[in-house]
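The values are calculated or read from the model by the stated rules, or taken from the named source; none is laboratory data. Worth saying up front: this structure is predicted, and the values here are computed from it rather than measured. Note that we place each Cβ from the backbone using ideal geometry, even for glycine, and neighbour counts take in every protein chain shown. Note: areas computed on protein heavy atoms with side chains; ligands, DNA, RNA excluded. Shrake-Rupley method; radii C 1.70, N 1.55, O 1.52, S 1.80 Å.
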Amino acid sequence: LFGITCERVLSYFILLSSTQVMEEDKPCALISELWSEHAYLKELSDLLKQHFHTISYREFLQNPALHAPKIQAIFMWAPSSAAEPSLLRSLPSLKVIANGGAGIDHLDLPFIASLGVKVTNTPGVVSDATADIGMGLLLASARKIVQVAVDPKTNNLSSNLMGFEVTGSTLGIIGMGHIGYKIAQRGKGFEMKILYYNRSRSDEDERAVGATYCENMDDLLRRSDFVMLAVNLTPETTGLIGQRELSLMKPTATLVNVSRGLVVDQDALVKALQSGTIHAAALDVTHPELLPRDHPLLGLLNVLITPHVGTDTYQTTRRMVEVMVENARAAVNGLPIPNEVKPQ
Ligand SMILES: O=C(O)[C@H](O)CO
């Protein structure tokens, strides 16, 4: 009996030490604050752990000198302290920053490239969920779904239930990338007339969704009932929609933004909504996020705001994490990276 017990104890230790060796063999990755704060991401961090030895941002801060030399990858979402320049400079083995999401406007690409570090994102997999939120905001705003929802406690109805018809109306999409295209598909399902404005023109996309290209954005703004912003945030698109652009829109038109808050001059938007220059706005993105409680946009009845939830579905978030892992593994192993973002 003693012999069998000894054998078992021995094999337990062999197993334990081999697991430790395997764990030590895995490249180290720093994971940003959100991975510990968000319940579903906590669950998904198991996907990272299959291939990386993960160090949370908090653990890192407890002993930076111990962890810094080992970190080869950073997994992050949105702006994060885990990508602060001083921290990045302190990581001599860092090979890649794997960002969750398509937009990488929160990262200083030239600086990161100067450190010899790659940046990756997750385009494509975010498009359906983001287009769904865009279309959801459009419908909810047009038909006042949030405003007129009956409060079950009081059974109260808002006084003006009338909205604007979506079917057959004109949808103007600014930015016809993956997300813009998916929005066009959804608009087509609602028999909308689709206009688009983009840096480049795609005959194939036009045929597939029956969209009409507008040579200039002003033309699209004048003709659309719903203007949907789906551009990346770049120096060229910062403040793209300001007082002049809003004044070109129909007084019955709605602005929907699933891009980035800074694409719109928010002060000009507040004025346009207060004065009736445009009818309404539906925004998944603002600047900043979240808006301070006393921000004038929050006091307007013709504004619908969601807190940047474009990609927040179980399926899309999981897929994003899978893609982040694929990207980071490729970068760490010196293989071709599926979604590398290079500085322009
Ligand atoms: O950039 C994106 O894909 C979304 O906004 C999530 O950050």
Task: From Thr122, Thr130, residue being within 16 Å of the ligand (Cβ to nearest atom), in contact (Cβ under 8 Å) with a residue 60 or more places away in the chain and either aliphatic (A, V, I, L, M) or in a loop (DSSP other than H, G, I, E, B) (or both) - done: Thr122
Open item on the list: Please go through segment 217-234 and give me each residue that is open to solvent by less than 40 Å² (accessible area, probe 1.4 Å) and not hydrophobic (A, V, I, L, M, F, W, C), ordered by number.
Closed with: Asp218, Ser224, Asp225
Open item on the list: Quick check on segment 89-105: of everything there that is hydrophobic (A, V, I, L, M, F, W, C) and within 16 Å of the ligand (Cβ to nearest atom), which residue is surrounded by the fewest Cβ atoms within 10 Å (Cβ to Cβ)?
Closed with: Ile104
Open item on the list: For the structure I just gave you, tell me whether Pro336 is open to solvent by less than 60 Å² (accessible area, probe 1.4 Å), farther than 22 Å from Trp35 by Cα, outside any helix (DSSP H, G or I) and of a type outside the set (S, T, N, Q).
Closed with: no
TODO: Determine the pairs where a residue that is more than 17 Å from Glu84 (Cβ to Cβ), located within segment 24-49, has a partner that is of a type in the set (Lys, Arg) and open to solvent by 10 Å² or more (accessible area, probe 1.4 Å) with Cβ atoms under 7 Å apart, the partner being 6 or more residues away or on another chain.
DONE: Cys28/Lys70; Ser36/Lys42; Ser36/Arg58; Leu44/Arg318
Open item on the list: Going residue by residue through segment 242-254, is there one that turns out to be in the same structural domain as Val146 (by the TED database), closer than 22 Å to Thr130 by Cα and either aromatic (Phe, Trp, Tyr) or part of a helix (DSSP H, G or I) (or both)?
Closed with: no
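Condition check ((1) among the aliphatic types (A, V, I, L, M); (2) open to solvent by 20 Å² or more (accessible area, probe 1.4 Å)) across all residues:
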| site | (1), (2) |
| --- | --- |
| Val264 | yes, no |
| Lys271 | no, yes |
| Pro292 | no, yes |
| Leu304 | yes, yes |
